[in-house]
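The values are calculated or read from the model by the stated rules, or taken from the named source; none is laboratory data. Predicted model only: the values in this text are computed from it and were never measured. Cβ coordinates were reconstructed from backbone atoms using ideal geometry, including for glycine residues, and neighbour counts include every protein chain displayed.
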Amino acid sequence: MLILKGRIRQEVSEAVEKEKQDHSLVISGLAKWGMDKPLLQRQKYLDEQVTDIPDTLKVDCLSEVVYRMGKYSETRP
């Protein structure tokens, strides 16, 4: 019974993760502020850049979660 319970949890977890991936959009090449700026200012700047994209494309949608991936580097966007 415990094995079945664990398997069900695993399947539900995988289904939730797949649902998130199916509705995700990855955007690359956005300009970023340097690490000298406070975190909240950097996040606000990123949110504004991401929000401008659907507006420019005239697509009516809102982002649920916005975050930057990867390590900070002066040589990459």
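Can you find even one residue in region 47-64 that is of a type outside the set (Gly, Ala, Ser), under 16 Å from the mean Cα position of the chain (by Cα) and exposed (fewer than 10 other Cβ atoms within 10 Å of the Cβ)? Scanning region 47-64, I find at least one residue that is of a type outside the set (Gly, Ala, Ser), under 16 Å from the mean Cα position of the chain (by Cα) and exposed (fewer than 10 other Cβ atoms within 10 Å of the Cβ), so the answer is yes. Of all residues in region 1-14, those satisfying the criterion of being surrounded by 10 or more Cβ atoms within 10 Å (Cβ to Cβ) and either outside any helix (DSSP H, G or I) or within 21 Å of the chain's Cα centre (by Cα) (or both) are 13, 14. Residue 39 falls short on exactly one of the conditions (1) at pLDDT below 85; (2) loosely packed, with under 10 Cβ neighbours inside 10 Å; (3) among the hydrophobic types (A, V, I, L, M, F, W, C), and that condition is (1). Within region 31-53, residues that are of a type in the set (Gly, Ala, Ser) reach partners that are assigned to a helix (DSSP H, G or I) and modelled with pLDDT of 90 or more with beta carbons closer than 8 Å, at six or more positions or on different chains, in the pairs 31/49.
A residue that is aliphatic (A, V, I, L, M) and part of a loop (DSSP other than H, G, I, E, B) can be found somewhere in region 51-63.
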